[in-house]
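Please read the structure below before turning to the comments.
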Amino acid sequence: MKKSLQTLTSIVLSALLLASCSKNAEAPVAPEKKDNADKVFTYIQRLGFSQNDIVDNGDAYIVDGDIRFPKDMEVPDGKATTEQQWTGSKLTAANALNVRIKVDPSMTSMMPEINSAVNQWNTIGGAIALHVSIVTGTSYDILIKDTNLGAGICGMGTFPSGGKAGNLIQINKAYIAPNSFAQRQRTITHEIGHNISIMHTNQTGGMQIPGTPITDANSLMNAGQCNSGATVLSNFDKIAAQWLY
Ligand SMILES: [Zn+2]
């Protein structure tokens with residue numbers, strides 16, 4: 001009896017070892033990365049974009065000019081193309097209440113604009129559980145930094161992943177410097193919107209948030225309006241944020 005138990009134990013152990021060996025052997029790094037990039041590519045199409053809208057930018061896909069989808073992002077589960085798809089890619093409730101932005105030294109000269117943008121998201125009012133703050137420590141959710149994005153692009157946000165805010169906002173500082181204060185802070189407000197899951201209001205296709213119209217000329221989240229668009233969140237922008245959080 002004792003011997004057979006030992007034999008059984010040894011068989012089970014061998015099986016476990018074999019299983020773990022073959023598991024390791026099946027997990028080379030490069031194909032996993034590529035698989036995830038493919039998933040992200042498919043996910044972006046599920047959001048309503050065509051393949052032609054998706055630009056490969058090395059470690060991320062860029063959509064609609066200024067929304068980054070990192071190739072290593074967590075793609076939310078979901079099969080149907082419904083509003084529910086949205087809920088899979090927004091911040092968790094706890095994370096939405098504590099969105100921490102760290103300002104890279106390259107952006108401190110635009111602190112007043114950043115503060116104005118943060119204030120817009122913090123003063124939506126109504127039933128919303130969203131709070132954005134500026135932090136200086138080593139723990140943060142979003143890094144905002146100056147990046148030369150070329151002519152025509154004011155800034156670039158990053159879509160959320162794994163229940164967390166997108167981790168990077170790039171601002172084309174020299175390019176937006178000649179703009180008015182209101183327009184400079186608009187760019188930052190707009191990119192923060194992407195990092196907390198809000199897409200472009202005037203995007204073709206995609207998911208409409210309940211209670212908002214198909215077009216909203218006053219939306220700060222309209223695309224392609226660098227230095228010309230709304231400088232304060234529209235009522236429907238606020239309804240969109242309230243619906244998400
Ligand atoms: Zn945008």
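So how much accessible area does TYR140 have, in Å² to the nearest 10, using a 1.4 Å probe?
Approximately 90 Å² of TYR140 is accessible to the 1.4 Å probe.
At each listed q (0.11, 0.17, 0.20 Å⁻¹), what is the log10 of I(q)/I(0) that the Debye formula gives for segment 86-245 modelled as equal alpha-carbon point scatterers?
Results for segment 86-245 at q = 0.11, 0.17, 0.20 Å⁻¹ read -0.38, -0.96, -1.37.
Across 10 Å bins from 0, what is the distribution of all Cα-Cα pair distances for segment 66-178, in whole percents?
So the P(r) values, bin by bin, are 13, 40, 34, 12, 1.
Output the peptides 212-221, 46-55 sorted from most to least packed, where packing is the average of other Cβ atoms within 10 Å over each peptide's residues. Mind dumping the intermediate values first?
Working: 212-221: 16.4, 46-55: 14.6.
Put in order of decreasing packing, that is 212-221, 46-55.
List, in order, the whole-Hz ³J(HN,Hα) value for each residue of segment 92-103 obtained from phi through the Karplus relation with A = 6.51, B = -1.76, C = 1.60 and θ = phi - 60°; use x for Gly and Pro.
Here the 3J(HN,Hα) series is 5, 4, 5, 5, 5, 7, 8, 8, 9, 9, 9, 9 Hz.
How high is the relative contact order of segment 88-244? Use alpha-carbon pairs under 8 Å, at least six apart in sequence, and give a whole percent.
24
Among 189-195, 171-177, what's the highest-first ranking by average C-beta atoms within 10 angstrom per residue?
Values: 189-195: 25.7, 171-177: 18.6.
Top to bottom by mean Cβ count within 10 Å: 189-195, 171-177.
The values are calculated or read from the model by the stated rules, or taken from the named source; none is laboratory data. Bear in mind that the values here come from a model prediction, so they are computed numbers and not experimental data. Neighbour counts are summed over all protein chains in view; Cβ atoms, including those assigned to glycine, are modelled from backbone coordinates with ideal geometry. Ligands, DNA and RNA are excluded from the accessible area calculation, which covers all protein heavy atoms including side chains. Shrake-Rupley method; radii C 1.70, N 1.55, O 1.52, S 1.80 Å.
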